Amino acid sequence: MRAAEPSGLLVDSIRACGLKVTAPRLAVLRVLDLAPHSTAERLLAMVRAELPGTSLQAVYGVLAAFTGAGIARKIEPAGSPALFERRVGDNHHHIVCTRCSAVHDVDCAVGESPCLTPSNTAGFTVRTAEVTYWGLCPDCQTATLSTLSAPAPLSNKGAR
Ligand SMILES: [Zn+2]
Ligand SMILES: [Zn+2]
């Protein structure tokens, strides 16, 4: 976890996208910075440490304003509630753990990626491509391996 961004910079980024600075907006932006790829519920829990009376509705309102103004991005991996992050405008992708739902950024799809080149754009000009990679995170790989390689129960044959 990184150190919190100074409030001045947060205020600047809210103003820069034409939004009015309010205490809930400031608080949501701060926690979004500390905990990228969070659900509104998780952000709410963090915001409440600072602004105890905050409602989930208020957090959703702030997030809608942020995504509308382009200072936050909403990602919706299949089967997961919407996740929010501050990293915007760089068309990065995500890798999601199918076991524990951990999410990480993937800067770029590289190499042979035939499915990133649309075979038919129906006349559209393509501006972004969003890829979600699915797999097992390192922790879950370790957990899965240790289950698989756990010693088989000793048989009693010849054991006495
Ligand atoms: Zn995992
Ligand atoms: Zn991301």
Subject >> Among the residues listed as Gly68, Gly79, Gly53, Gly61, the single one being under 25 Å from Arg127 (Cα atoms) and either in contact with a His (Cβ under 8 Å, 6 or more places away or on another chain) or outside the structural domain of Val110 (by TED's automatic domain parsing) (or both) >> reply: Gly68
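With respect to Leu29, determine if the residue is more than 19 Å from Glu130 (Cβ to Cβ), assigned to a helix (DSSP H, G or I), within 16 Å of ligand 2 (Cβ to nearest atom) and among the aliphatic types (A, V, I, L, M). Walk me through it before giving the result.
Details: more than 19 Å from Glu130 (Cβ to Cβ): yes; assigned to a helix (DSSP H, G or I): yes; within 16 Å of ligand 2 (Cβ to nearest atom): yes; among the aliphatic types (A, V, I, L, M): yes.
Here the answer is yes, as Leu29 does meet what is asked.
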**OP:** Name, by its number, the condition in (1) farther than 22 Å from Val106 by Cβ; (2) within 11 Å of the chain's Cα centre (by Cα); (3) of a type in the set (Asp, Glu) that does not hold for Asp12.
**Re:** (2)
Original post:
Is there a residue being within 16 Å of ligand 2 (Cβ to nearest atom) and of a type in the set (D, E, K, R) anywhere in segment 39-52?
Top reply: yes
**OP:** Starting from residues that are within 10 Å of ligand 2 (Cβ to nearest atom) and within 9 Å of the chain's Cα centre (by Cα), keep the ones in segment 98-107 and report whichever is farthest from Ser80 (Cα to Cα).
**Re:** Asp105
Original post:
Just one of the numbered conditions (1) outside any loop (DSSP other than H, G, I, E, B); (2) at pLDDT 95 or above is not true of Leu10; which one?
Top reply: (2)
Original post:
Say we look at segment 13-36 and pick out the residues that are surrounded by fewer than 17 Cβ atoms within 10 Å (Cβ to Cβ) and in contact with a helix residue (DSSP H, G or I) (Cβ under 6 Å, 6 or more places away or on another chain); which of these is modelled with the lowest pLDDT?
Top reply: Cys17
Original post:
Are any residues in segment 82-97 surrounded by 13 or more Cβ atoms within 10 Å (Cβ to Cβ), outside any strand (DSSP E or B), more than 10 Å from the chain's Cα centre (by Cα) and more than 8 Å from ligand 2 (Cβ to nearest atom), and if so, which ones?
Top reply: Val88, Asn91
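The values are calculated or read from the model by the stated rules, or taken from the named source; none is laboratory data. Everything numeric here is computed off the predicted structure, so don't read it as measured data. Reconstructed Cβ throughout: ideal geometry from the backbone, glycine too, with neighbour counts over all protein chains shown.
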